[in-house]
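See structure below.
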Amino acid sequence: MSDPICRLATEEDFPAVAEMYARLDALMRRMGMTLPSPEDVGQAWIESFQRTLGRFSFLHVAEIDGELVGFTLSVIKRVPPHRGGVIVGEITDMWINPPARRTRVGELIARVALQLLRDQGVHSVEARFLVKNDPVWRLAESLGFHLELRTARLIWDDYVEEDA
């Protein structure tokens with residue numbers, strides 16, 4: 001097995017990345033994520049950032065021997081004026097196929113994404129993790145992230161998802 005290569009994704013990568021995202025979404029649901037699930041979640045996810053790709057959103061892929069084994073999505077956003085109004089980066093999603101885990105591919109692709117955000121001049125980088133995803137939190141800590149905010153969700157007992 002050769003060394004992994006990380007690069008910005010191209011449109012040709014989208015079908016494979018959408019499939020990987022669907023597996024990420026399924027894992028997040030098994031770990032407790034409770035938001036509604038759209039049809040064709042991988043394609044819906046790609047469409048959510050495709051318009052800003054290369055300007056405010058950056059999709060990196062990792063490949064080994066020509067096969068895509070993972071991805072990470074990072075975005076640039078401005079925080080509200082009452083929080084300082086600075087430009088921050090965010091690592092929003094990351095997936096590494098199971099056979100490629102524990103080979104440092106996750107660390108490599110995260111470092112590439114972080115360097116791109118740093119090159120864009122962001123003040124800091126945010127990331128959110130599911131409570132039960134300890135391996136990803138350990139990776140984040142090793143990259144210098146520290147816990148700052150917590151997100152919690154209250155779902156009303158009488159919530160009924162409307163048909164799309």
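The values are calculated or read from the model by the stated rules, or taken from the named source; none is laboratory data. None of the values given here were measured: they were computed from a predicted structure. Positions of Cβ are generated from backbone atoms using ideal geometry, with glycine treated the same way; all protein chains shown enter the neighbour counts.
List of remarks:
- The numbered conditions (1) assigned to a strand (DSSP E or B); (2) modelled with pLDDT of 95 or more are all true for W45 except (1).
- Among the numbered conditions (1) closer than 17 Å to E11 by Cβ; (2) touching a strand residue (DSSP E or B) at 6+ places or on another chain (Cβ under 7 Å), the only one that A62 does not meet is (1).
- Taking first residues from the range 1-29 that are in contact (Cβ under 8 Å) with a residue 24 or more places away in the chain and partners that are small (G, A, S) and in a helix (DSSP H, G or I), the Cβ contacts under 6 Å between residues at least 6 apart in sequence or on separate chains come to A18/G42; Y21/G42.
- Among the residues of the range 90-106, none qualifies, meaning not one is over 19 Å from R138 (Cα atoms), crowded, with 17+ Cβ neighbours inside 10 Å and out of contact with any Lys or Arg (no Cβ under 8 Å at 6 or more places or on another chain).
- Residues that are surrounded by fewer than 18 Cβ atoms within 10 Å (Cβ to Cβ) and within 15 Å of the chain's Cα centre (by Cα) within the range 30-47 comprise M33, V41, Q43, A44, E47, listed in sequence order.
- Looking only at residues in the range 9-26 that are touching a helix residue (DSSP H, G or I) at 6+ places or on another chain (Cβ under 8 Å) and more than 19 Å from P98 (Cβ to Cβ), the one that is surrounded by the most Cβ atoms within 10 Å (Cβ to Cβ) is A9.
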